[in-house]
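The values are calculated or read from the model by the stated rules, or taken from the named source; none is laboratory data. Predicted model, so just to flag it, every value in this text is computed and none were measured. Neighbour counts are summed over all protein chains in view; Cβ atoms, including those assigned to glycine, are modelled from backbone coordinates with ideal geometry. Protein only, heavy atoms only, side chains kept; ligands, DNA and RNA dropped before computing areas. Shrake-Rupley method; radii C 1.70, N 1.55, O 1.52, S 1.80 Å.
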Amino acid sequence: MTVSRLTGVALAAIGLVAASAASAQTTFKMNVSVPQNSHYGVAVDTFAAEVEKRTNGRYKIQNFYASALGNEREATEAVQLGTLDLVMTSTGPIPNFVPELAILDIPFLFRDYDHARSTLDGPVGQEMLKKFEPKGFKALAWGENGFRHMTNSKQAVNSPADLKGLKMRTMENPIHIQAYKGFGIIPTPMAISEVFTALQQGTVDGQENPLTVIQAWKFDQVQKHLTLTGHVYSPAVILLGKPLWDKLSDADKQAFLAAAKEAVKANRARIDADEKSGVAYLRSRGMEVVDNVDRGKFQEALAPVFAEFSKKFGEAEIKRIREGK
Ligand code: EAX
């Protein structure tokens, strides 16, 4: 065989190898419910960069924002069914998939961000992540949505009595719905992507969300009153379809876990920043903010509901989380 033929064959072989290497790249689709300029947007963008870097390009993450591939419940269901690869979601819809994790949505369960983060990153939280696996998910890490505050278009909310009769959008979360009825609120569960229009049209009077979400969805344009109730700490979680996880090599499993860790660092840093600047920003947008809230009064108003939660989840389990360091 002449040299030029040999070279030709070698080049063709290299071309084939290169092509197969490039085609070995797998792209996973990932969905979040809020716009990209948000605590989830920065998380999934960090996750995408870290996965591609740590797997040497074997895996790419294609992100979709603002519920583009469905709201949180739909997207979580799609990951479970295998029609979507990943989702970062609040625990709002999670009781539909892992009922025992509904305990995390109990109002006033966590004292502050440090308490919530250390609990979820510690044994209690890590044990909970394992509960996703029999349901078809690999939970890569606990992320964060944040402490939720009440907004409405009707009146300033200075005490629980001011909530009575308000039509409030809630997440599709049974614990929230049960608890908010304890305030005398009329709850209307709906997906986050429908909330701005519902508030604009007056279908509901108000909603409740962390400052980051209120800003990301520009609710200041359709809400006058904000009260820093901090009535619920809302965790978030990064979920990968379990069959996809099982197919990853050990090295790529470690890469995905490390990427999720970096994503949560960025997620929490964004929330810390928005918590610091959010109130002043929303005031500058014309919202009237009640910031000296007697949270004890709001907790007292929920005493009958807490009794029901103790029966449902067990006093000891609630205490274990509430009194955790
Ligand atoms: O997870 O639906 C909600 O109110 C959530 O806080 C939002 O989608 C971010």
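Structural remarks
- Strands (runs of 3 or more DSSP E) completely within segment 1-116 that count 3 or more residues being of a type in the set (S, T, N, Q) and either within 16 Å of the ligand (Cβ to nearest atom) or at pLDDT below 95 (or both): none
- Enumerated strands (runs of 3 or more DSSP E) restricted to segment 186-290, each holding at least 1 residues that are within 15 Å of the ligand (Cβ to nearest atom) and open to solvent by 20 Å² or more (accessible area, probe 1.4 Å): 186-189
- Condition met for HIS149 (closer than 30 Å to PRO304 by Cα and out of contact with any His (no Cβ under 9 Å at 6 or more places or on another chain)): no
- Of the numbered criteria (1) assigned to a loop (DSSP other than H, G, I, E, B); (2) without any contact (Cβ under 8 Å) to a residue 40 or more places away in the chain, the one LYS311 fails is (1).
- So ALA301, is it within 23 Å of ALA179 (Cα to Cα) and out of contact with any His (no Cβ under 9 Å at 6 or more places or on another chain): yes
- For segment 151-165, the criterion of being closer than 21 Å to SER38 by Cβ, in contact with a strand residue (DSSP E or B) (Cβ under 8 Å, 6 or more places away or on another chain), in a loop (DSSP other than H, G, I, E, B) and not aliphatic (A, V, I, L, M) is satisfied by no residue at all.
- Against the numbered list (1) aliphatic (A, V, I, L, M); (2) farther than 15 Å from VAL34 by Cβ; (3) open to solvent by 20 Å² or more (accessible area, probe 1.4 Å), LEU69 comes up short only at (2).
- From the list LYS247, LYS319, LYS276, LYS297, the lone residue that is at pLDDT below 95, over 23 Å from the mean Cα position of the chain (by Cα) and not small (Gly, Ala, Ser) is LYS319.
- Only residues that are closer than 22 Å to PRO210 by Cβ, free of Cβ contacts under 8 Å to residues at least 12 places away in the same chain and polar (S, T, N, Q) were counted in segment 90-138, giving 0.
- Filtered by the rule that a residue be open to solvent by less than 20 Å² (accessible area, probe 1.4 Å) and either over 25 Å from the mean Cα position of the chain (by Cα) or more than 12 Å from the ligand (Cβ to nearest atom) (or both), segment 161-185 gives LEU163, LEU166, ILE175, ALA179, TYR180, PHE183, ILE185.
- Subset of segment 117-134 [surrounded by 17 or more Cβ atoms within 10 Å (Cβ to Cβ) and more than 16 Å from the ligand (Cβ to nearest atom)]: ARG117, THR119, GLY125, MET128, LEU129, PHE132
- Cβ-Cβ distances below 6 Å connect the following pairs, each with a first residue in segment 200-220 that is under 13 Å from ARG169 (Cα atoms), a second residue that is open to solvent by 20 Å² or more (accessible area, probe 1.4 Å) and among the β-branched types (Val, Ile, Thr), and a separation of six or more residues or different chains: GLN200/VAL222; VAL204/THR188.
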